[in-house]
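Trainee: Here it is: the structure, laid out below.
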Amino acid sequence: MADDSAGLERGPARPADPLRPIAPTIGTVAAGLTLAVLFVPGTGTDTTVQSLPLATLGRVAAVGALLAFVLARRVDIPERAVGALVVAAGLVVASADLLTLFGELNVWRQPAGLPLATAGAISVVGMGAAMALSLPDRRVFSVTKAISLMTAVGGLGFFVSIVGGNILVVPFLIALDTTATSVTYPLLTVAVALATFVFVAATLRWLGADRSWIDLSVPSLRGLGLVVAGLLVLILALNVLTALISELGLPAVESGVEQQARQSDNPEFLLVLAPLSFLAIAPSEELLYRGLVQKYLYDTLGKVGAVVAASAIFAAIHFGQYASPDPLQMLVSLSVVFVLSLVLGYSYARSENLVVPILIHGTYNALTFLAMYARVTGMVPTG
């Protein structure tokens, strides 16, 4: 007969502590970092500015979000109500931060004039929405992991392409014995594209994907129709944005490429960039941000969510190109890039063929470079 004494001595097993939802945990970190950013001295910040009602409003909202997340982790309270409260608080933080870009309010800015608190508030709103919708932990974790991974891939891809492109172009510049922008920029454009292709190939191999992942084929009549429609929508949207920018008296948008062309003795390199838009720039960027980042996010976010998320990543990556001492000018410029990316992402999602967004992107860039050349050389007025 078996001896039960050991089992009897152990007594009843203690119930395991219930696992807390993951959204409040991630939200606590995001809200804490956001609050910390709001107290970091930034451009124009002094003891007088610190007392601005707008700054105080943002900080109070961040504190409210942080406390709500902490309570949700430790106290059994209605998750939906806390989530709704956190979403509202996050939107207040983002609004207060973005309003500092306008008029006299811009005396209070985040470090380097960047809306860093807004970036943190986006995460706060996301975790609050997850709680309000009662999303399961597995869903919250998978979405957070996918977006974080693809943000890292997009950022790392940009960094690797720039560094790799500069390394590749050095031997050619030494052989040509020149540092002229008219020569270096086209060469660097090609080198950056090659480095991007290598990065995407390496990343796909790391993810375990094969060549079938890349959607490249001759466009059908429907695909060509999407190209035409995409260009028309893009031109219309950009005209509306340009009119709105002019009506509101917002600063004009000028990319780093145009600034370099103005400083160059030979702005004709802009004419070389027009065909390179189809051969190098558009293929490499679309392969990375649509063919890799956006497509990877389909399973987690669905096509609509993936288009929006990939477009946000694409716009953020272009920060350096539109860097400006005026944060409002930078925001306007990146908004234009975001709209462009939405059109490109939608065209790819509908066609499932990378050639379609490549043609739209290449045509848009080529027209942009030709317009830059016309402005820089005085063929058309810049005012």
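Computed from the coordinates by the stated procedures, all read-outs in this text should not be read as laboratory data. Computed from a predicted structure; not experimentally measured. We place every Cβ from the backbone using ideal geometry, glycine too, and count neighbours over all the protein chains shown.
Trainee: Contour minus end-to-end for Ala180 and Ser246, with contour as 0.36 nm per residue of separation and end-to-end as the Cα-Cα distance?
Mentor: Extra length available between Ala180 and Ser246 comes to 20.3 nm.
Trainee: OK, next. Which residues does the label zone of Arg139 cover in segment 56-94, counting backbone N under 19 Å from a point 7 Å along Cα→Cβ?
Mentor: Taking a point 7 Å out along Cα→Cβ of Arg139, the residues of segment 56-94 whose backbone N falls under 19 Å are 78-88.
Trainee: Going by average Cβ neighbours within 10 Å, how do the peptides 162-174, 80-92 rank, with the highest at the top?
Mentor: 80-92, 162-174
Trainee: Among Arg262, Arg74, which comes first, second and so on when ranked by fewest other beta-carbon atoms within 10 Å?
Mentor: Arg74, Arg262
Trainee: For segment 333-369 and segment 180-194, what is the separation of their C-alpha centers, rounded to whole Å?
Mentor: 22 Å
Trainee: Would you tally the net charge around Leu135, using a Cβ to Cβ cut-off of less than 13 Å, leaving Leu135 out, and scoring K and R as +1, D and E as -1?
Mentor: So the environment of Leu135 carries a net charge of +1.
Trainee: Please give the FRET efficiency for Ala374 paired with Leu236, using the beta carbon to beta carbon distance and R0 = 25 Å, rounded to the nearest 0.05.
Mentor: Computed FRET efficiency for Ala374 and Leu236: 0.75.
Trainee: May I pose another question? Test of understanding: ordering Ser161, Ser264 by Cβ neighbours within 10 Å, fewest first, what list do you get?
Mentor: Going from least to most buried by this count: Ser264, Ser161.
Trainee: Label-point separation (nm) for Val40 and Phe338, each offset 7 Å from Cα along Cα-to-Cβ?
Mentor: Distance between the two pseudo-spin positions: 2.1 nm.
Trainee: Taking 0.36 nm per intervening residue step and subtracting the Cα-Cα distance, what contour gain separates Phe197 from Ser95 on full extension?
Mentor: 32.9 nm
Trainee: Report the charge-dipole magnitude of segment 142-376 in Debye, nearest 20, computed about the Cα centre from +1 at each Lys and Arg Cβ and -1 at each Asp and Glu Cβ.
Mentor: It works out to roughly 600 debye.
Trainee: Using the number of other C-beta atoms within 10 angstrom as an exposure proxy, rank Ser123, Ser311 with the fewest first.
Mentor: Ser123, Ser311
Trainee: Counting only the backbone N, which residues of segment 128-163 are under 20 Å from the spot 7 Å out from the Cα of Asp76 toward its beta-carbon?
Mentor: Answer for this model: 131-132, 134-137.
Trainee: Could you order peptides 333-343, 25-35, 147-157 by the average number of other Cβ atoms within 10 Å of their residues, highest first?
Mentor: By packing density, highest mean first, the sequence is 25-35, 333-343, 147-157.
Trainee: Let me ask you something else. Can you give the local net charge around Ile358? Use residues other than it whose beta-carbon is closer than 15 angstrom to its beta-carbon, Lys and Arg +1, Asp and Glu -1.
Mentor: Every neighbour counted, the sum reads -1.
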